[in-house]
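Read the figures in this text as sums done on the coordinates, not as results from a lab. Small disclaimer: the values here were computed from a predicted structure and weren't measured. Glycine also receives a Cβ, built like all others from the backbone with ideal geometry; neighbour counts cover every protein chain displayed.
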Amino acid sequence: MTALVPAGRLPANTEGPANSYTGLADKLRGLQAAAEALQEHAKLLQDRMRRNGRSASALMDLCAAAGVATNHTGRIADISKAFGDVATGGARIASVTDAMGTAAGNVAAQHRTEYGGINAASTSSPVIQAKPGFYRVD
């Protein structure tokens with residue numbers, strides 16, 4: 001069982017307004033936007049690496065038809081495979097960032113559901129609200 005910590009000994013909120021309801025909502029929207037941007041870049045990288053892999057494969061075929069030494073065509077084949085590996089990694093990154101963006105959206109929705117009413121009530125009142133911890137019980 002954990003011991004209760006008196007309110008006077010809690011760590012200070014060093015983030016100030018950035019840790020408020022709207023501040024946290026902004027951070028979650030930012031995380032979601034960053035995940036979407038990263039996903040877009042990962043898909044672009046994946047597409048470019050696939051194109052480069054196809055080009056390297058075509059170059060390898062042309063070199064083989066032209067009678068270029070097999071060690072050179074082998075190296076081109078290795079490069080083509082490396083492009084394919086990067087494209088596969090880009091697909092995995094796109095998948096992970098999609099999941100991250102979805103999770104951030106879900107957390108934002110849960111945050112809005114749980115605290116949105118409280119925030120609306122406290123901001124709609126003309127009366128200045130007490131700061132957290134004002135009504136603490138010792």
* **Length released on extending from Ala33 to Ala103, taking residue separation times 0.36 nm less the Cα-Cα span** => 24.0 nm
* Equivalent-ellipsoid semi-axes of the stretch 13-70, from the Cα gyration tensor, Å, largest first -> 51, 10, 4
* Asked: Counting alpha carbon pairs within less than 8 Å and at least 6 residues apart, what relative contact order, in whole percent, applies to the stretch 41-108?
  -> 46
* Could you grab the Rg to Rh ratio for the stretch 51-138? Cα atoms only, Kirkwood for Rh. => 1.58
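Of the peptides 97-108, 112-123, how do they stack up when ordered by the mean number of other Cβ atoms within 10 Å, highest first?
In descending order of packing, they fall as 97-108, 112-123.
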* **Residue-by-residue Karplus 3J(HN,Hα) for the stretch 80-92, coefficients 6.51, -1.76, 1.60, Hz, glycine and proline x** => 4, 5, 4, 4, x, 5, 5, 4, 5, x, x, 5, 5
* **Where the Cα pairs of the stretch 6-115 fall when distances are cut into 10 Å bins, in %** => 14, 25, 19, 16, 12, 9, 5, 1, 0
* Asked: Which distance in nm do the two modelled labels at Thr113 and Arg75 give, with both placed 7 Å along the Cα-to-Cβ direction?
  -> 5.9
